[in-house]
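In what follows, a single structure is set out as structure tokens and then discussed.
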């Protein structure tokens with residue numbers, strides 16, 4: 001809004017360019033002190049220009065403008081490493097199969113199942129009626145369009161994924 005302090009506007013622009021960003025990343029990108037970022041985020045939340053969603057131990061921040069509810073949900077799940085992996089698998093293979101869900105330690109399997117259930121409840125995934133896959137993305141085009149639109153904001157994440165895939169090989 002006109003008249004907002006420059007740092008508040010800068011924080012708002014950081015969130016618009018990187019929806020789903022967490023506090024520490026906002027603080028790092030803005031270069032401001034923690035207390036300053038906290039204050040301006042509080043003011044932005046109070047004016048309903050910014051809102052957040054809790055993801056484990058972090059808050060993920062979104063602006064009230066520029067993204068719709070469905071896109072914010074997709075971004076939220078792309079920011080979480082477990083759900084992001086599920087979405088990437090679904091994009092790459094066309095769906096999520098039982099082999100992937102049951103891979104790894106018991107605690108990891110349970111975590112995947114819990115996230116899958118959450119994504120089903122949120123409308124990100126849908127259950128399959130055929131035998132090849134258990135789950136499909138409800139709107140794969142929205143996921144790919146979101147990745148394209150916010151490409152720069154996901155570069156760190158993509159780099160981490162590529163490195164972890166290479167480490168597994």
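Here is the figure for the stretch 13-29: residues that are in a helix (DSSP H, G or I), touching a helix residue (DSSP H, G or I) at 6+ places or on another chain (Cβ under 6 Å) and within 16 Å of residue 45 (Cβ to Cβ) total 3.
Can you pull out the helices (runs of 4 or more DSSP H) entirely within the stretch 57-167 that have at least 2 residues that are at pLDDT 90 or above and under 12 Å from the mean Cα position of the chain (by Cα)? Once the helices (runs of 4 or more DSSP H) in the stretch 57-167 are filtered for at least 2 residues that are at pLDDT 90 or above and under 12 Å from the mean Cα position of the chain (by Cα), what remains is 69-79, 81-93. Is it the case that some residue within the stretch 122-129 is over 24 Å from residue 71 (Cβ atoms), out of contact with any strand residue (DSSP E or B) (no Cβ under 9 Å at 6 or more places or on another chain) and without any contact (Cβ under 8 Å) to a residue 40 or more places away in the chain? Among the residues of the stretch 122-129, at least one is over 24 Å from residue 71 (Cβ atoms), out of contact with any strand residue (DSSP E or B) (no Cβ under 9 Å at 6 or more places or on another chain) and without any contact (Cβ under 8 Å) to a residue 40 or more places away in the chain, which makes the answer yes.
The values are calculated or read from the model by the stated rules, or taken from the named source; none is laboratory data. All figures in this text were calculated on a predicted structure; none of them were measured in a lab. Neighbour counts run over all protein chains shown; Cβ positions are idealised from the backbone, glycine included.
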